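Visitor: Have a look at this one.
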Amino acid sequence: MRSGNPALKDSTFLDLGTGSVVTGDSTAMTLNGTVNKTAFLLLLTMLTAAFAWTQALTPQGELAPGFGVYVWGGAIGGFVIAMVTVFKKTWAPVTAPLYALVEGFFLGAISAMYNHLYEGIVLQAVMLTFGTLFALLMAYRSGLIRATENFKLGVVAATGGIMLVYLATIVLRMFGKDIPMIHDNGIVGIGFSLFVIVIAAMNLVLDFDFIETGVEQRAPKYMEWYGAFGLMVTLVWLYIEFLRLLSKLQSRN
C-alpha cells in the first residue's frame, strides 16, 4: 500500500477484472484538478462546520441540548459515506462532497465543545493542521521527505496499531473501562498524542505520493475527487488529534 489511509492505496488504480492500471484518455487525473477539488471539499466542510458551531452553542455560550445530534450524526454519517466511497470509488464525484458536508457537522459540533472547555483551542488546532499540511507538502515537493518502501511500511504498520488501540478503547468504554494513562493528561498521554500526530502527518506524505502516482499513471478524471477525499480523511484525523493534544496540555494548567 502506498498510504496508511485505507482510502488511498496502490490497488485503487487497478481494474479489478484485468489487474491493469485504469487510465483515462482526454479526461485523465491531473494535479491541479485534485488540488482544486480538495479546496472545494474544504470549503464545503467549513460551511457546514460553521453552521453546526452556531447550533451547538446557546447564546450564553453553553452547549445546546441538540449538540449530540450533530456530533453523532456527522460522525456516523461521515463514516458510512466514507465506506461507500472506498468501495465505490467511481461514485466519488458525488460521495466526496457529501462526505465533506456531513463531516463538517461533526467537526463544527466537536470544535464547539472543545472551544467551550478551552477557549481558543480550535484556532490553534486549525493553524497547526494547515501548517503541518503545507510544511510537509513543501518538504515532499523539495525531496526532503521521500515515500520509500520502508517508510510506507512503517507508517502503515503504525497507523494500523493506532487504529487497534482506538478500537480497543471504544470496546472497553462500552463496559465502563479504559486503557490507562494514554488518554490522560499526564506525560504518557501527551507522548501518545504526539506520536499519533506524527503518524497522521506522515500519512499526508503517503497521500501526496498516492496522488502523484495517479497523475503519472493518467488515472480517470473521477480519481481527482477520490484523491481529494482521501486527503480530507487524513486532514480530519490530524485536526482531531491536534484538538486532543491541546486539550491535554491546557487541562494541566
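The values are calculated or read from the model by the stated rules, or taken from the named source; none is laboratory data. Note that this is a predicted model, so its numbers are computed, not measured. Here the Cβ positions follow ideal geometry from the backbone for every residue, glycine too, while neighbour counts run over all protein chains shown. SASA here: full protein model, heavy atoms, side chains in, ligands and nucleic acids out. Shrake-Rupley method; radii C 1.70, N 1.55, O 1.52, S 1.80 Å.
Visitor: Could you list the chymotrypsin sites (Phe, Trp or Tyr not before Pro) in segment 116-220 that lie in coil according to DSSP, counting only those with at most 11 other Cβ atoms within 10 Å of their Cβ?
Guide: Sparse-neighbourhood loop chymotrypsin sites (Phe, Trp or Tyr not before Pro): Phe175.
Visitor: I would also like to ask the following. Starting from one equal scatterer on each C-alpha and no solvent at all, send me the Debye-based log10 I(q)/I(0) for segment 143-249 at q = 0.20, 0.23 Å⁻¹, two decimals.
Guide: -1.09, -1.27
Visitor: Also: Would you calculate the separation in nanometres between label points at Leu172 and Phe130, each defined as 7 Å from the Cα along the Cα-to-beta-carbon direction?
Guide: Inter-label distance under the simple model: 3.6 nm.
Visitor: Mind pulling the angle between the C-alpha long axis of helix 187-216 and the longest principal axis of the chain? Nearest 10 degrees, somewhere in 0 to 90.
Guide: Helix 187-216 and the main axis of the chain meet at about 20 degrees.
Visitor: Now for a different question. Dipole size in debye (nearest 20) for the chain around its Cα centre, Lys and Arg Cβ +1, Asp and Glu Cβ -1?
Guide: Here the chain has a charge dipole of around 160 debye.
Visitor: Follow-up. Identify, among Gly74, Leu249, Phe192, the residue whose Cα sits farthest towards the positive end of the charge dipole of the chain, taking +1 on the Cβ of Lys and Arg and -1 on the Cβ of Asp and Glu, with the dipole about the Cα centre.
Guide: Phe192
Visitor: Report the FRET efficiency, 1/(1 + (r/R0)^6), for Thr90 and His116, where r is their Cβ-Cβ distance and R0 is 41 Å, rounded to 0.05.
Guide: The calculated FRET efficiency here is 0.50.
Visitor: When ligands, DNA and RNA are left out and all protein chains stay put, how many square angstrom of accessible area per residue does segment 32-153 have with a 1.4 Å probe?
Guide: Counting only protein heavy atoms, the per-residue value for segment 32-153 is 56 Å².
Visitor: Next up: With the contact rule set at Cα under 8 Å and sequence spacing of 6 or more, what percent relative contact order holds for segment 101-253?
Guide: Numbers: 93 pairs, mean separation 53.8, N = 153.
About 35 percent, as a whole number.
Visitor: Still on this structure, please answer the following. Between (1) 16.8; (2) 12.6; (3) 14.7, which entry matches mean projected area of the Cα convex hull in nm² as derived from the coordinates of this structure?
Guide: So the structure-derived entry is (3).
Visitor: May I ask for the angle, rounded to the nearest 10°, between helix 67-87 and the longest principal axis of the chain, with both axes built from Cα atoms and the value confined to 0 to 90°?
Guide: 20 degrees
Visitor: Take the solvent-accessible surface of the protein heavy atoms, probe 1.4 Å, and return the percent of it on segment 147-253 that carbon and sulfur atoms account for.
Guide: Carbon and sulfur: 70 percent of the exposed surface of segment 147-253.
Visitor: Here is a further query. Specify the longest stretch of the chain that does not include any exposed loop site, a site being one of the GluC sites (Glu not before Pro) with a non-H, G, I, E, B DSSP assignment and at most 14 other Cβ atoms within 10 Å.
Guide: 120-253
Visitor: Oh, and also: Restrict the search to segment 128-207; then list the trypsin sites (Lys or Arg not before Pro) that DSSP places in a loop and that have at most 10 other Cβ atoms within 10 Å of their Cβ.
Guide: Answer in residue order: Arg146.
Visitor: From the square roots a ≥ b ≥ c of the eigenvalues of the alpha-carbon gyration tensor of segment 88-188, which class results: rounded (a/c under 1.5), prolate (a/b over b/c), or oblate?
Guide: Numbers: a/c = 1.36, a/b = 1.20, b/c = 1.13.
Taking the square roots of the gyration eigenvalues as a ≥ b ≥ c, segment 88-188 is rounded.
Visitor: Taking only Cα atoms, what is the 0 to 90° angle, nearest 10, from helix 149-174's long axis to the longest principal axis of the chain?
Guide: 40 degrees
Visitor: Evaluate the distance, in nm, between pseudo-label points positioned 7 Å from the Cα of Leu47 and of Ile179 along their respective Cα→Cβ axes.
Guide: Modelled inter-label distance: 3.8 nm.
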